[in-house]
Amino acid sequence: MEAGLDRRSHLGDLDDLRRPRLAVRRALDGQYLAGLQGIPEELDEASAVDGASVRRRFRKITLPLLAPAITVSVTLSTIYGLGVFDQVFALTGGGPVDASETLATQIYKQTFAFGRFGYGTALSLILTVLITVLALAQLAVLRARENRL
């Protein structure tokens, strides 16, 4: 502290900022854990008996069987990331000087702060189409990768 000024962040404790993401991360980790529990131990044991290294077992057995869980996790993370509104709005309101502005916060401002309901609706439709197209494209790429594994 210098000259009686408190050097805390204006957003509060920075560890608190990580908590919403931590909750999402825990949910996604749960998906990975569920995927890992769905892999029969006999496959790993049989490959170990056959002399496969840990790295080879992971690459040839675990990763291909975990691919559906990875696909779901990555797709949901992308959808969540594109539609993020609450953290940005609650913490910064999109500022300073629109530095943390997202399409979702822009939709809110245009619709409710400026009363431009038609423009806000158009932006909402663009966000919906953007999320849909990106999620489907990502899903197609990840499913193709699943099949190659």
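Values in this text are rule-based calculations from the coordinates and carry no lab data. This one's a predicted model, so the numbers in the text were calculated from it and none came from an experiment. Cβ coordinates were reconstructed from backbone atoms using ideal geometry, including for glycine residues, and neighbour counts include every protein chain displayed.
Work out how much length Val129 to Leu36 would gain on full extension: take 0.36 nm times their residue separation and subtract the Cα-Cα distance, in nm to one decimal.
On the way: separation 93, 0.36 × 93 = 33.48 nm, distance 3.32 nm.
Full extension from Val129 to Leu36 adds 30.2 nm.
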Handout entry: For the stretch 14-148, radius of gyration divided by Kirkwood radius, i.e. Rg to Rh on alpha-carbons
Key = 1.15
Fill in the blank from the handout: In nanometres, the difference between 0.36 nm per residue of separation and the alpha-carbon distance of Thr78 and Val97 is 4.3 nm
Handout entry: Contour minus Cα-Cα distance for Leu149 and Glu45 (0.36 nm per residue)
Key = 35.5 nm
Exercise for the section: Rounded to whole Hz and in sequence order, give me ³J(HN,Hα) for the stretch 82-94 from the Karplus expression 6.51 cos²θ - 1.76 cosθ + 1.60, θ = phi - 60°, writing x for Gly and Pro. Expected result: 6, x, 5, 9, 4, 5, 5, 5, 5, 8, 10, x, x
Practice task
At 7 Å along the Cα-to-beta-carbon direction for both Leu136 and Asp29, put a label point, then send me their distance in nm to one decimal.
Solution key: 3.5 nm
Exercise for the section: Would you work out the charge dipole size for the stretch 14-148 about its Cα centre, treating the Cβ of every Lys and Arg as +1 and the Cβ of every Asp and Glu as -1, and quote it to the nearest 20 debye? Expected result: 300 debye
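I need the shape label for the stretch 36-82. Rule: rounded when a/c is under 1.5, else prolate if a/b > b/c, else oblate, with a, b, c from the alpha carbon gyration tensor. It would help to have the intermediate numbers written out before the result.
Details: a/c = 5.32, a/b = 2.84, b/c = 1.87.
The shape class here is prolate.
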Handout entry: Hz values of 3J(HN,Hα) by residue in the stretch 114-130 - Karplus curve (6.51, -1.76, 1.60), Gly and Pro given as x
Key = 9, x, 9, 5, x, 5, x, 5, 4, 5, 4, 5, 4, 4, 4, 5, 4
